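Peer 1: Here it is, the structure in full.
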Amino acid sequence: MRTFKIGGVHPKEYKFSAGIGTKISLLPKQAIIPLGHYLGAPSKAVVTKGDLVKVGQLLGQASGFVSANVHSSVSGKVAKIDDAIDASGYKRPAIFIDVEGDEWMESIDRSSTIKRECTMTPEEIIKKISDAGIVGLGGATFPTHVKLSPPPGKKAEVLIINAIECEPYLTCDHQLMLEKGEEILVGVSILMKAINVNRAIIGIENNKKDAIAHLERLAKTFTGIEVMALKVQYPQGGEKQLIDATIGRQVPSGAIPIEVGAVVQNVATTFAVYEAVQKNKPLFERIITITGKSMAQQGNFWVRIGTALATVVEQAGGMPEDTGKIVAGGPMMGRSLSSLDVSVAKGTAGVLFIPTIESARKKMKNCLRCAKCVSVCPMGLEPYLLMGQSENAMWTEMERNRIMDCIECGCCAFTCPSNRPLLDHVRYGKTTVGGIIRSRR
Amino acid sequence: MNLILISLITLVIVGTLSAVILFFASKKFEVYEDPRIDEVELALPAANCGGCGFPGCRGFANACVKADLLDNLLCPVGGTPTMEKVAAILGKTAGQGDATVAVVRCGGSCDLRPRTNQYDGVSSCAIAHNLYGGETACSWGCLGLGDCIVSCKFDAIYINPETLLPEVDEEKCTSCGACVKACPKAIIELRKKGTKSRRIYVNCVNQDKGAVNKKACEAACIGCSKCVKECAFDAITVTNNLAYIDPNKCTLCRKCVAVCPTSAIVELNFPPRKAKVPTKEAELEPAN
């Protein structure tokens, strides 16, 4: 079975919520819809305090090319436009809406019939995706229309759908594939049309055998879509790792996937594309996984963007007593949360409750020079070296050692027998070097 | 005898030749250095801290000698007296500038700013700042992990074990600005030292709305503008819910300190205020 060639680890999977059907989360009393994005410029609010909005109405207009529209996920009155704490603990602009009823825009097709035919031109499809505010739902929330518009002179050859879900615990993409398989495949064919390719590969890790079988059966009715089972290995969901695993091409350092003719999209993004293009529904809800070892009723929930995490967690049986750490996302790359008042953003894939006994960091010891971090690094970097350089502010040397290639997957810190916080230092170095590179322009 | 004579003559010839070569080389490759640079360097504090923006005191002395006007040159350690000495040596007029000192603008001690979560990562402010907002609900305030202490070459900054906040030793601080650069939250400011080292400043950098930051920290500036109204010298401005006292306009009258509802305005090195003599009325009607 195929996988990527350099490095990687295989953490215990702990997919407790796998196979548990999705539930529709209750509407919040007040939705706090973030205007900012993880990447790119924050959107500009187009509503003002006191405005009545419907579900699906445009709230924020994208400002610039690398930015995305923001739509209302609820109906009601705009209470205020103010700063709200996001997952990082810093305040970012957001729109607060007091929820009244659940009135949708008339333009959205709410029927459950599956529309397979798409007559739009590629330009129309990309325009539609951009209007619907679709961003990569894998976590980085990079605007999808940007990825679908290759730079001049570059031509896409293959579309790769990222259905890896290599993070332990998370099951939202898995569940989406089981429940919305056909919609996803229609989404894939729409994306193929948008970038004008006749081959698509859906990469799924082999621990989701039911999803592989389901999609393989459905894919027979579509042309050019291939479902590829891949060996379970973290971080296979990384863009460059997935391209290596599926088509065996290596994206050069500092380059983007289009350099080797590939466009990678997340499976949840593909479903959002289907809904936007065929059902005229902007991106305002997503599936998130609520999970943890001591969680009472863990599962996968359809949540409107802007719902407070506390509201969703309550429906999953509340926060377990022994919680020591709350993580937004998976245990490898997720962010620790300092509060459950944070609202669900487009990139929130789940909430993980880690019991106290497992959450605390172990005591750091001296580096053994065992080079385990070097052998697991999927980008072929030397994390022990980069950590030392970061501690000593050797930014030029770090840049020379390809720090900007780091995908922050955390394999180095995961595998270190001396419990050294490699990723913390490397990430800090990457931020600083990135700033230095930007200031040169 | 012959051997000694030959050696002697050879030595004299080699010596003379070398002397001639060296003489011409020293003329040809001479680097003239203004003797005033040495004089100016002697007048400087010799802290070599780089606070002036030049590499060490000699770099600054060199710049002073080259400059036509001393207006833009200031030794932050010595301040005006030192610059006057320099000016006297060079026969120029000194620019006006005051001695400054580092000031840590956060009053969020443990009891005033409750912890909402626990950080167990790398003990570095820069890394913690890169990860998240911090252990308290105030994402502006001091993280207390000591990057400023590590950066200080003069051992002038230390963590007060009671408040767990950094404090500056005024005697040792050379105002070089290393801690200002090291602090990822931009809490430390180089402020005018003031007469007798007396200073009044806003001990907070939180720009959240008053209602929000009051919940996070009892010592936060809530941007109520009471101090602005109290100040008769227009020294205080409130921008983004945060007051700032202009040290050049402040006359150290201490009126703003008294009106601040959260005690966010701090006075340093003032003699203790006279205890208010309780009036007769107050004695008769004790507060309930």
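Peer 1: Please work out the Kirkwood hydrodynamic radius for the stretch A:285-359, using every pair of different C-alpha atoms, and report it in angstroms with one decimal place.
Peer 2: The Cα-based Kirkwood calculation yields 12.0 Å.
Peer 1: Let me ask something else about it. What angle, in degrees between 0 and 90 and rounded to the nearest 10, separates the Cα long axis of helix B:2-28 from the longest principal axis of the Cα atoms of chain B?
Peer 2: On a 0 to 90 degree scale, this one is about 50.
Peer 1: For chain A, list the DSSP H helices whose alpha carbon atoms reach 18 Å or more along the long axis and whose average Kyte-Doolittle value is -1.0 or above?
Peer 2: Numbers: long enough: A:181-195 (21 Å, 1.38); A:422-440 (27 Å, -0.20).
Helices meeting the criterion: A:181-195, A:422-440.
Peer 1: Rounded to the nearest 10 Å², what accessible area does A:LYS115 show when all protein chains are kept and the probe is 1.4 Å?
Peer 2: We get 100 Å² for A:LYS115.
Peer 1: Counting only the heavy atoms of the protein chains, how much of B:CYS125 is accessible to a 1.4 Å probe, in Å² to the nearest 10?
Peer 2: In the full protein context, B:CYS125 sits at about 10 Å².
Peer 1: Taking all pairs of different Cα atoms in the stretch B:152-207, averaging 1/r and flipping that mean, what Kirkwood radius in angstroms comes out? Don't jump to the answer; show the numbers that get you there.
Peer 2: Numbers: mean 1/r = 0.0801 Å⁻¹.
For the stretch B:152-207, inverting the mean 1/r across all distinct Cα pairs yields 12.5 Å.
Peer 1: Name the chymotrypsin sites (Phe, Trp or Tyr not before Pro) in the stretch B:1-54 that are in a loop by DSSP and that have at most 10 other C-beta atoms within 10 Å, would you?
Peer 2: Qualifying residues, ordered by number: B:PHE29, B:TYR32.
Peer 1: If you take the C-alpha gyration tensor of the stretch A:26-99, multiply each eigenvalue by 5 and take the square root, what semi-axes do you get, largest first, in whole Å?
Peer 2: For the stretch A:26-99, the semi-axes come out at 19, 14, 10 Å.
Peer 1: Next question. When Rg is the radius of gyration of the Cα atoms in the protein assembly as shown and Rh is its Kirkwood radius, what does Rg/Rh come to? Present the calculation step by step, with values, prior to reporting the outcome.
Peer 2: Values: Rg = 32.4 Å, Rh = 30.0 Å.
So for the protein assembly as shown, dividing Rg by the Kirkwood Rh gives 1.08.
Peer 1: In straight Cα distance, which aspartates and glutamates are under 16 Å from A:LYS77, not counting same-chain residues fewer than 8 positions off?
Peer 2: Answer for A:LYS77, where 16 Å is the Cα cut-off: A:ASP51, A:ASP98, A:GLU100, A:ASP102, A:GLU103, listed by chain and number.
Peer 1: Something else now. Sort out for me the Cα centre separation of the stretch B:182-260 from the stretch A:226-242, rounded to whole Å.
Peer 2: Spelled out, the Cα-based centre of one part sits 54 Å from the other.
Peer 1: If you don't mind, another one. Which parts of the stretch B:116-131, residue by residue, lose 30 Å² or more of accessible area when the rest of the protein chains are there, as against the chain isolated (1.4 Å probe)?
Peer 2: B:ASP120, B:VAL122, B:ALA126, B:ILE127, B:ASN130, B:LEU131
Peer 1: Identify all aspartates and glutamates with a Cα-Cα distance to B:LYS255 below 12 Å; exclude those on the same chain that are fewer than 8 residues away in sequence.
Peer 2: Those aspartates and glutamates meeting the cut-off are B:GLU230, B:GLU267.
Peer 1: Here's something else I'd like to know. Just to check, using Stokes-Einstein with a Kirkwood Rh over alpha carbon pairs, what's the diffusion coefficient of the stretch B:78-140 at 20 °C and 1.002 mPa s in µm²/s?
Peer 2: 137 µm²/s
Peer 1: Quick one: among A:VAL313, A:VAL46, A:VAL232, which has the greatest mean-square fluctuation in a GNM of chain A with alpha-carbon springs under 10 angstrom?
Peer 2: Result for chain A, Cα springs under 10 Å: A:VAL46 fluctuates most.
Peer 1: Using Cα-only point scatterers and the Debye equation, what is log10 of I(q)/I(0) for chain B at each q in 0.11, 0.14 Å⁻¹, rounded to two decimals?
Peer 2: These q points yield log10 I(q)/I(0) values of -0.79, -1.09.
Peer 1: OK, next. Going Cα to Cα from A:LYS220, which aspartates and glutamates come in below 17 Å? Please leave out same-chain ones fewer than 8 positions away.
Peer 2: A:GLU117, A:GLU182, A:GLU183, A:ASP210
Peer 1: log10 I(q)/I(0), Debye, Cα-only the stretch A:183-250, no solvent, q = 0.19, 0.23, 0.29 Å⁻¹?
Peer 2: At q = 0.19, 0.23, 0.29 Å⁻¹ the computed log10 ratios are -0.79, -1.08, -1.28.
Peer 1: Report for the protein assembly as shown the percent antiparallel among DSSP-assigned beta bridges with both residues inside it, nearest 5.
Peer 2: Numbers: 55 of 80 bridges.
Bridges in the protein assembly as shown are about 70 percent antiparallel.
Peer 1: Ok, one more. Could you run the Karplus curve 6.51 cos²θ - 1.76 cosθ + 1.60 with θ = phi - 60° over the stretch A:139-148 and give me ³J(HN,Hα) per residue in whole Hz, x for Gly and Pro?
Peer 2: x, 7, 6, 7, x, 5, 5, 5, 5, 8
Peer 1: Could you compute how much accessible area chains B and A hide from each other, both sides summed, with a 1.4 Å probe? Nearest 100 Å² is fine. Could you put the intermediate results ahead of the total?
Peer 2: Working: alone 17670 and 19460 Å², together 35710 Å².
When B and A are taken together, about 1400 Å² of accessible area is lost.
Peer 1: Follow-up question, since we're still on this one. Let me confirm the definition first: pairs of Lys residues in the stretch A:80-176, 8 or more apart or on different chains, C-alpha distance under 25 Å. How many are there?
Peer 2: The number of close lysine pairs in the stretch A:80-176 is 11.
Peer 1: Which whole-number percent of Cα pairs in the stretch A:319-365 have a distance greater than 15 Å?
Peer 2: 46 percent
Peer 1: Cα extents of the stretch B:100-268 along the three principal axes, largest first, in whole Å?
Peer 2: Result, largest extent first: 47, 37, 25 Å.
Peer 1: With the Cα gyration tensor of the stretch A:122-279 giving a ≥ b ≥ c as the square roots of its eigenvalues, does the rule (a/c under 1.5 for rounded; else a/b larger than b/c for prolate; else oblate) give rounded, prolate or oblate?
Peer 2: Rounded shape, in that the Cα axes give a/c under 1.5.
The values are calculated or read from the model by the stated rules, or taken from the named source; none is laboratory data. These numbers come from a predicted model, not from an experiment. Don't worry about glycine lacking a Cβ; one is built from the backbone with ideal geometry, like all the others, and counts go over all protein chains shown. Surface accessibility is based on the protein's heavy atoms, side chains included, excluding ligands, DNA and RNA. Shrake-Rupley method; radii C 1.70, N 1.55, O 1.52, S 1.80 Å.
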